[in-house]
Amino acid sequence: MVDTKNRPFGKMLTAMVTPMLDDGELDYEGAARLATYLVDEQNNDGLIISGTTGESPTTSDDEKDRLLRAVVEAVGDRARVIAGVGTNDTRHSVRLAKAAEKAGAHGLLTVTPYYNKPPQEGLIRHFTEIADTTDLPVMLYDIPHRTGTPIASETLVRLAEHPRIVANKDAKDNIGASSWVMERTDLAFYCGTDILNLPLLSVGAAGFVSVVGHIVGADLREMIDAFEKGEVGQALAIHRRLTPVYTGMFRTQGVITTKAILNQFGLPSGPVRTPLTDASVELQALLREDLAAAGVKGPIGLAPHQAVPASAVRVERLTEGSV
């Protein structure tokens, strides 16, 4: 059974999208409202700000700083706010880490440097330099299908020796490799591939860093709680019910689908920035079908950016036999 004590960032976290206005500027007030909704209504212990789902590649350092401050002010007293500071330039990541600490972040998320494909020794130097920069705990982010470079299991073991490298967001999709590292380190593993949430939990994961948590975070929290109580059948039932959400929201890039659904629910979201493109009408219709198949309902049809207080919007699960 998972060690419930080794959870430096809680057990349920969502990698939050960055709400934007129709003109493409960041919606800081909307970000505060969305964060409030995710913590108070979707039972998140923490939020990742300016991760890839937050469109970090296309937001400036100043935007990241102001966004982080808005979210910390909104929910920082009752949730862990983790700042994404990963880039493929170590010096840039160090600057972002220092700024995040000053802005009040509770931790840092550092993705594997992308595109330049450093060797494993380069990864160790990169992550160590970031971890040496502040007093904040660090979560690594291993997602080789995007970055082009995996963090080797042996490298994770070496990095775990650093006192501030305490967790790994695991999107390598290799449960055997994850198990091997968990057996040899105290790193808290957080599942970063939603369809594998329950399987990774079964081999010792601490929790999830989710995208679908925007919509079904409370269900995911219920799944973790059920698994911890030994109610494996209940956890499996939740996993199977959510499968249409897992698969549907990754029909294309997760930011696109998440923002489309949040817009339909009347929650702060707005458009994506290029080179991403907003969901087509056809994709939006498919997403509604996916949510219906999972028994998820919400105030579908509200206009994007319609001012609906976060406290007034609750995504509900249909009970059996309801329409």
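Read the figures in this text as sums done on the coordinates, not as results from a lab. Not measured: the values here are computed from a predicted model. Virtual Cβ from ideal backbone geometry, glycine too; neighbours counted across all protein chains shown.
Taking a straight line from the alpha carbon of Lys172, these lysines sit under 17 Å away, with near neighbours fewer than eight places off in the same chain left out: Lys117. When Rg and the Kirkwood radius Rh are both evaluated on Cα atoms of segment 96-213, their ratio Rg/Rh stands at 0.94.
Centroid-to-centroid, using Cα positions, segment 216-255 and segment 139-203 are 20 Å apart. Just checking the listed ones, Asp219, Asp22, Asp45: in the Gaussian network model of the chain with Cα springs under 10 Å, the one fluctuating most is Asp22. Near Ala160, once Lys and Arg are set to +1 and Asp and Glu to -1 for all other residues with Cβ below 9 Å from its Cβ, the sum equals 0.
In the calculated pair distance distribution of segment 171-227, what percentage of Cα-Cα distances lie above 17 Å? Tail of the P(r) past 17 Å holds 31 percent of the pairs. In the chain, the DSSP beta bridges split such that about 10 percent are antiparallel, to the nearest 5.
Averaging the Cα positions of each part gives two centres, and for segment 89-111 and segment 42-58 these lie 14 Å apart. When the chain is described by a simple charge dipole with +1 on each Lys and Arg Cβ and -1 on each Asp and Glu Cβ, the residue from Thr133, Gln120, Val216 located farthest towards its positive end is Gln120. Report summary: the helix-based calculation at 222 nm, which adds -39500 (n - 2.57) for every DSSP H run with n ≥ 4 and divides by the residues of the chain, gives -13500 deg cm²/dmol.
When every Cα-Cα distance of the chain is counted in 20 angstrom steps from zero, the calculated P(r) takes the values 34, 60, 6 percent. Sequence-ordered 3J(HN,Hα) estimates for segment 108-117 from the Karplus curve with 6.51, -1.76 and 1.60 and θ = phi - 60° stand at 10, 10, 10, 7, 4, x, 9, 6, 7, 6 Hz, glycine and proline given as x.
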